[in-house]
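Peer 1: Structure provided below as structure tokens; questions to follow.
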Amino acid sequence: MKRILLISLIFLLYSIKGSAQSNTVLTGNVKDTFNSHPLDGATISFINIKDSSLLNFVRTDSTGNFILKNVSQGKYRLSASFTGFHTTWKNVEVIGEPSINLGGIFMRDKTVLDEIVVDAEKPPVVVNGDTLEFNAGAFATKPNAVVEDLLKKMPGVQVDKDGTIRVNGQRINKVFVNGKEFFTGDPKIATRNLPADVVDKVQVLKSNLISQNLQGLKMETVKQL
């Protein structure tokens, strides 16, 4: 009897541990509030409420659908952003379900004047054509951090030990600050010397070449340098 009881307790503890590390799949559909048309290419950002960190972001397909995989148990905020539309926010709680369908997420066109909508909170990520834009304020850094520390917190951005910056595996060759190339074009000079707290947003730019290689990072600051 004792042996059976011990096995039962072990199984129970294993089940509890497994549920805490659940890999839930989130799905949903983004639509225009005015005509219920699906929004193709809207950016879906997934944020941990506990520390306001950006966990992942995806884009909707041609039918407005999106899918977020491997979501652990916890409380989150989801934002939907799309050029010309007001950002929509939604609270999400995951408690171990295999899948959650968030249903329709409706966005209001900024050109519709039937009511006034104020966007008080910026989305952490916006994708506009070939430009990927990060809101620097969505990524918490320690006091006296430099831009390199900020970049390390952004999904898809990798900073090698030698300071080389890569986005989705592609190397960044130039850094622009307020529209001007920083010094000689060596990204490390900018990212290891500029304080993170002066940066308002970071844009990943692509060249206009057929190869579509990444051209550089463009940073807008909140203070005049």
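The values are calculated or read from the model by the stated rules, or taken from the named source; none is laboratory data. Since this is a predicted model, take the numbers as computed values, not measurements. FYI the Cβ positions are ideal-geometry reconstructions off the backbone, even for glycines, and counts take in every protein chain you see. Quick note on the areas: whole protein, heavy atoms, side chains included, nothing else; ligands and nucleic acids left out. Shrake-Rupley method; radii C 1.70, N 1.55, O 1.52, S 1.80 Å.
Peer 1: Name the residues whose placed amide hydrogens come within less than 5 Å of the amide hydrogen of residue 106, ignoring near sequence neighbours (fewer than 5 apart) on the same chain.
Peer 2: The answer is 31.
Peer 1: At residue 62 and residue 168, where each label point lies 7 Å from the Cα along Cα→Cβ, what is the point-to-point distance in nanometres?
Peer 2: Placing both labels 7 Å along Cα→Cβ, they lie 1.9 nm apart.
Peer 1: Spelling out what I want: for every residue of region 104-111, take phi, set θ = phi - 60°, compute 6.51 cos²θ - 1.76 cosθ + 1.60 (Karplus), and round to whole Hz; glycine and proline get x.
Peer 2: Calculated HN-Hα couplings, in order: x, 10, 9, 10, 9, 5, 5, 7 Hz.
Peer 1: Which loop-located GluC sites (Glu not before Pro) does region 85-194 contain, where loop means any DSSP state but H, G, I, E or B and the Cβ has at most 13 other Cβ atoms within 10 Å?
Peer 2: Answer in residue order: 115, 121.
Peer 1: Apply the Karplus curve 6.51 cos²θ - 1.76 cosθ + 1.60, θ = phi - 60°, to the phi angles in region 168-179 and return the couplings in whole Hz, x for Gly and Pro.
Peer 2: So the Karplus estimates, Gly and Pro as x, are 6, x, 9, 6, 8, 9, 9, 10, 10, 10, 6, x Hz.
Peer 1: Let me ask another. Write down the accessible area per residue of region 138-194 in Å², having rolled a 1.4 Å probe over the full set of protein chains.
Peer 2: Here the per-residue accessible area is 57 Å².
Peer 1: For region 40-98, with all protein chains present and a 1.4 Å probe, just round the carbon and sulfur fraction of the accessible area to a whole percent.
Peer 2: 48
Peer 1: Could you check how much of the accessible area of region 159-205 is carbon and sulfur, as a whole percent, using a 1.4 Å probe?
Peer 2: C and S fraction of accessible area: 46 percent.
Peer 1: Can you give me the long-range amide H partners of residue 28? Hydrogens built in the peptide plane at 1.01 Å from N, cutoff under 5 Å, separation of 5 or more residues or another chain.
Peer 2: Here the answer is 66, 102, since their amide H atoms fall under 5 Å of that of residue 28.
Peer 1: Check residue 194: other-chain or 5+ apart residues with amide H under 5 Å from its amide H, H built from backbone geometry?
Peer 2: It is 147, by chain and number.
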